[in-house]
Each structure stands twice: as C-alpha cells, then as structure tokens.
Amino acid sequence: MTLEIFAKISVYSVLALSLVAALGVVLFPSIFHAALCLVGALVGVAILYIALHAEFIAVVQILLYVGAVMTLVIFAIMLTHRIGDQTIPQANKQSLPALLSLACFVGLLGSLFLKTKWPVGPAHTEPVSAFVLGKALLGEYVFPFEVVSVILIAGLIGAVVIARKD
Amino acid sequence: MIVPLEHILIFGALLFAIGIYGTLVRRNIVGILISIELILNAVNVNLIAFSRTAILDPVMGQVFVIFVITLAATAATVGLAIVLALYRIRRTIYADEINLLKW
C-alpha cells in the first residue's frame, strides 16, 4: 500500500517536472537552453510510458528522440550562429492572444475530460513485449509499415538534397 | 493503472497547449520545430493511455505510437534541412523575416 502511494507520488512529480521542462522549451530566450529542456520533457514522457507498461516505446522514445532528433536539433542550432545574440527578441507579439485562447482550449478540454464517462475496461497491465510488437508490425500492420519505410527513404533523400551545398 | 486516465489526458492536453503556444509565439524556426515535437509527444501520451484502458488490444496503440515517432523523426529531419538551406541563402532563421511570398 505505501509502495503504491509512493509510485503515485513519483508519477505525478514526473508529470509536473516534464510540464515545467515543456514550459522551458517555449519560454527560454536561448534556443540552446530550450533544446536542453526538450530533453527533460522527452525523458519525462518516456518515464510515463514505463509507468503505463509500454517499456519498448519508452526505449524507442529515448533512442530516437533523445538520441537522434536532439543531436540533429543541436547541430542545426550550432550551424546557424546568429542565435547566440541575446538581444534579438525571440517571441513575436502574439503571445497574449495565444495564451488566452489556449487557456480557454485547455479549460474546455479538461472539463470535458473530467465529465466524460470513459468506457474503461479492466486495465491491461501485462507488458507488450518487443516480440509481440514485431509480429504485429510484420503481420497485421505490414502495409502501413511498408508505407512508413517509403516515407523514411523519401525524407532521407529529400533532406540530403535540400541541405547539400551546390 | 497507477494514475487515473483523466489525469493523463489532462497532462496530454497541457503538453499539447504548450507546444501550440511555442509554435505560435516563437520566432526561431528551430524553436517552432521543437515545439512541434512537443505536440506529437502529447498525441503519443494519449495513444498509450488509451491503449492501456480501452478494451482494444494494447498492441494497436503502441504500433500507432511507433508510426508517429517515425514520422516525427522524418519531419524533424526534413524541417532542419530546410532551415539549413534557408539560412545559407537568406542568412536568417526567424520566421517573420522570411517574407519571400508576401507582397
């Protein structure tokens, strides 16, 4: 019982920390600090995946997002050097309307979430192994899997063609 | 479930709203791209939460999350390539200074 309460408290604190990190992503004036905050938010989401018994997805999240995408982002930040200048304003003048409309959006959505009776079945707690996921990817979902691989190749070639020096 | 479904959904909505805020407000294109990553993460959180509570097979939600992560990585790659090309030509990475198509 105490273990369960401890688990609850730790999950909620992870959620709060990743929200704080996400706020850092959009509010830090330095884009480099924002990228480091994004790492925090992504790791927080990965921990939430582990708490929801989706271990494989958590590992994919860490490897792909924190490993690959973040490296890419930091490279892009370093290759475009004018950003080091702190005097340039980093936000445009739309922050107040955006804040108001998003507050309305979250308020509406949150009240709907709390009011709706979700058809909650008995929670699946058995972990989904990589074996089961691989069988599903190459069995039932083989068509979207192939489409995604074509998109990946197209994205790869497109990125190389766009970014190379002529 | 350790945490009730509603709380995870509210967390996802907050993450989504923060990402939208960054997309609307940031001037730096790299900042906009990483805000889009936040939005896609919020979607993934919802998919995983529903895969755990709905009657459906949890494998389905996880497969969708894998597809979303793959497409997000592709989007980030192409987006950052465009940013680099744009910086090489126009010497700026601020979204409101790129007004080639405005007249």
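Below are the figures for this structure:
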item: Principal-axis tilt of helix B:5-25 within chain B, Cα atoms, nearest 10 degrees; result: 0 degrees
item: Filtered trypsin sites (Lys or Arg not before Pro), the stretch B:56-103: DSSP coil and at most 15 other beta carbons within 10 Å; result: B:R91, B:K102
item: Cross-link pairs A:K8/A:K93; A:K8/A:K115; A:K93/B:K102 - those with Cα-Cα distance over 30 Å; result: A:K8/A:K93
item: MRE, 222 nm, helices only [DSSP H, n ≥ 4, -39500 (n - 2.57), over chain A, to nearest 500]; result: -23000 deg cm²/dmol
item: Neighbouring partner chain Cβ atoms per residue of A:7-17, average, 10 Å criterion; result: 2
item: The stretch A:117-150 and the stretch A:4-46: distance between their alpha carbon centers, rounded to Å; result: 27 Å
item: Kirkwood-Stokes translational diffusion coefficient of the protein assembly as shown, alpha-carbon pairs, 4 °C, 1.567 mPa s, µm²/s; result: 66 µm²/s
item: Highest-first arrangement of B:68-80, B:23-35, where packing means the average Cβ count within 10 Å; result: B:23-35, B:68-80
item: Number of partner chain Cβ atoms within 10 Å, mean per residue of A:21-28; result: 6
item: q = 0.13 Å⁻¹: log10 I(q)/I(0) that the Debye formula gives for the stretch B:5-93, counting C-alpha atoms only; result: -0.51
item: Of the DSSP H helices in chain A, those whose Cα atoms cover at least 18 Å axially and whose Kyte score averages 0.0 or more; result: A:2-27, A:31-51, A:95-115, A:142-163
item: Positive-end residue of A:F143, A:L112, A:F6, charge dipole of chain A with Cβ unit charges; result: A:L112
item: Peptide A:99-110 - average C-beta neighbours from other chains (10 Å radius); result: 4
item: Point-charge dipole on Cβ atoms (K/R +1, D/E -1) for the stretch B:20-103, about Cα centre, debye to 20; result: 360 debye
item: 1.4 Å probe accessible area per residue over chain A, in Å²; result: 61 Å²
item: Carbon/sulfur fraction of accessible area - the protein assembly as shown, other protein chains in place, 1.4 Å, %; result: 77 percent
item: DSSP loop trypsin sites (Lys or Arg not before Pro) with at most 10 other Cβ within 10 Å: longest gap in chain A; result: A:1-92
item: Solvent-accessible area buried by B and A, counting both chains, probe 1.4 angstrom, square angstrom; result: 7200 Å²
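The values are calculated or read from the model by the stated rules, or taken from the named source; none is laboratory data. Since we're looking at a predicted model, the values are computed, not measured. All Cβ positions, even for glycine, are placed from backbone atoms using ideal geometry, and neighbour counts span all protein chains on display. Keep in mind that these areas ignore ligands, DNA and RNA; they rest on the heavy atoms of the full protein, side chains included. Shrake-Rupley method; radii C 1.70, N 1.55, O 1.52, S 1.80 Å.
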